[in-house]
Amino acid sequence: MTFDELGLTPEVLKAVVETGYTEPTPIQAQAIPHVLAGKDVLGIAQTGTGKTASFTLPMIDKLSRGRAKARMPRSLILEPTRELAAQVAENFEKYGKYHKLSMALLIGGVSFGDQEKKLDRGVDVLIATPGRLLDHCQRGKVLLTGVQILVVDEADRMLDMGFIPDIEEICRKIPFTRQTLLFSATMPPEIQRLTENFQHAPERIEVARASSANERIKQAQVKISRRDQKRDALRHLIDTENVKNAIIFCNRKRDVSVLHRSLDKHGYSAGAIHGDLDQSTRTKTLEGFRNGTIRLLVASDVAARGLDIPDVSHIFNFDPPTHAEDYVHRIGRTGRAGKEGAAFTLVTPEDRKYIESIEKMLETTIPVHDLDADKEPAKAETAESEPAEKETAKEEAPASAASGDEDEGETKSRRRGSRGGRSRKKKTDDAQPAAEASAPEEAEAEKPEPVAEEKPRRARGGRNRRRDRDDDDDNRVIGMGDHVPAFMLREVKLPRRRSAEEEDASAEKETEEA
């Protein structure tokens, strides 16, 4: 099948041909005719299958007939993240360049004033994140009573981010006679309920089993014995797997920043993106990754959904996702538009439960990649990222193996713990002669073990345990010994206490005076 058979106008077909696409993907081939016919559509497809074009192309075709009114958009597209919203806006500009359609993008990180100016002129297509759209509604700057087509994209991601109540509120502001298009990679019960409440007899299009991975993506798990070896293993994979470019996913924003600095220090072209960065920085970093000036993109799950970067050769899960569904979205950033891709997940024993959950969802076993089994990573990242750590490496090796957390904060805490251990050792040495001087018989009867042979006790997680009051009972100093301060030996003159006769005489005198 070709795009010519889908019923699109010549202007839209011309724009599609200029982008280089000749055949529609399965989701596009099935969804576009239903959207053109005005039916509600429930589309379920894995990422990278062309869901965005399946609603942008027919929407451009339908909106070409009509005119927008001020503050009353004719169509509304809801996206969970700023990046996805901006990407859909780019698609409309690309496919609608032969139509005179106006568009507004309502996302955070951009001034309200610029967005309000576009709304005042009237827009055919309004692309927004739920939070910013409701802000404009509360200000009275946008009316949704003229919306004819509503699109809820990445609905399962909306659910994860807690946007479902916002979507329900937005839907109540839109006419009931609208056409509703809902697209999602997975179909949890909450999304099913949403479709029942806000769609009318939708055409269900499912081109792949829900929560399935693209078959063109080579998946592998890399077993790592300790977390502090992950960075070594990651660099080994980057150097040996013919990586053109890659997205590296971490579960925490703090880990994104730490890993980015580590890769940058080792000479890799790397950038970072997570939710705490301002919008201009996120946009600049994504643009650098798209045009090839940045080779490795370290990201949180803000980059896991729907970002269309065509030529990502590899995905690395530095941390397996805690929610199994996110695995499908992460690895879906590669193997797009019919191309091959590869996804590697670094797994420690603590991560095993997450991999088992992912394998259960996929109903398959992820193959184990042999990371040169005979060659252990040379050294932990802590030693190479902090030169001062070399001094205490021998003392800290057992604790590092136990803790498995190589964040910078954890590393500094362990160094402080080592110094604390040495200071306690010195304090005990100083206290021992005093104890022997004050109680020689007791020292002879119960001689303590040499302090030098004692190992500092450690609490779980590798930190030094705080010394309890009874830790040094054998070396206790009794009283002040021979060192009594001089002021305590000075004679103190107490006031003379009056006798009973003097007390009676004083009382009689006070009575007479009264």
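The values are calculated or read from the model by the stated rules, or taken from the named source; none is laboratory data. What you see is a predicted model, and the numbers here were worked out from it, not measured in a lab. Glycine also receives a Cβ, built like all others from the backbone with ideal geometry; neighbour counts cover every protein chain displayed.
Numbers for the structure displayed
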read-out	value
Hits in the range 74-97 (condition: out of contact with any Ser or Thr (no Cβ under 9 Å at 6 or more places or on another chain) and either in contact (Cβ under 8 Å) with a residue 12 or more places away in the chain or surrounded by 23 or more Cβ atoms within 10 Å (Cβ to Cβ) (or both))	Arg74, Ser75, Leu76, Ala89, Lys97
Test: residue in the range 215-226 that is in a helix (DSSP H, G or I) and either outside the structural domain of Thr345 (by TED's automatic domain parsing) or basic (Lys, Arg) (or both)	no
Filtered residues of the range 157-203 (kept if outside any loop (DSSP other than H, G, I, E, B) and surrounded by fewer than 16 Cβ atoms within 10 Å (Cβ to Cβ))	Pro165, Glu168, Glu169, Arg172, Pro189, Glu190, Gln192, Arg193, Glu196, Asn197
Unmet requirement for Leu8, which otherwise passes all of (1) assigned to a loop (DSSP other than H, G, I, E, B); (2) closer than 28 Å to His274 by Cα	(2)
Residue in the range 16-28 that is more than 29 Å from the chain's Cα centre (by Cα) and under 24 Å from Asp160 (Cβ atoms) present	yes
Test for Thr19: is it free of Cβ contacts under 8 Å to residues at least 60 places away in the same chain and either out of contact with any helix residue (DSSP H, G or I) (no Cβ under 9 Å at 6 or more places or on another chain) or of a type in the set (Ser, Thr, Tyr) (or both)	no
From Ala393, Ala373, residue being at pLDDT below 50, of a type in the set (A, V, I, L, M, F, W, C) and part of a helix (DSSP H, G or I)	Ala393
Complete set of residues in the range 146-172 that are in contact with an Asp or Glu (Cβ under 6 Å, 6 or more places away or on another chain) and farther than 16 Å from Asp301 by Cα	Asp153
Residue within the range 58-71 that is assigned to a loop (DSSP other than H, G, I, E, B), among the β-branched types (Val, Ile, Thr) and over 20 Å from Thr145 (Cβ atoms) present	no
Filtered residues of the range 22-74 (kept if over 15 Å from Pro202 (Cα atoms) and among the acidic types (Asp, Glu))	Glu23, Asp61
Cβ pairs under 7 Å, 6+ apart, first in the range 275-302 and touching a residue at least 12 places away in the same chain (Cβ under 8 Å), second of a type in the set (D, E, K, R) and surrounded by fewer than 15 Cβ atoms within 10 Å (Cβ to Cβ)	none
Hey, Lys100 closer than 30 Å to Met161 by Cα and in a loop (DSSP other than H, G, I, E, B) or not	no
Complete set of residues in the range 227-273 that are among the hydroxyl-bearing types (Ser, Thr, Tyr) and either assigned to a strand (DSSP E or B) or closer than 20 Å to Ile309 by Cβ (or both)	Tyr268, Ser269
Boolean, Ile273 is within 18 Å of Phe344 (Cα to Cα) and surrounded by 15 or more Cβ atoms within 10 Å (Cβ to Cβ)	no
Lys353 vs. criteria in the same structural domain as Lys223 (by TED's automatic domain parsing) and assigned to a helix (DSSP H, G or I)	yes
Filter result for Thr180 (on the phi < 0 side of the Ramachandran plot and in contact with a Cys (Cβ under 9 Å, 6 or more places away or on another chain))	yes
Members of the range 277-319 found to be among the aliphatic types (A, V, I, L, M) and either more than 22 Å from Ala53 (Cβ to Cβ) or not assigned by TED's automatic domain parsing to the domain that holds Arg261 (or both), listed by number	Leu277, Ile294, Leu296, Leu297, Val298, Ala299, Val302, Ile315
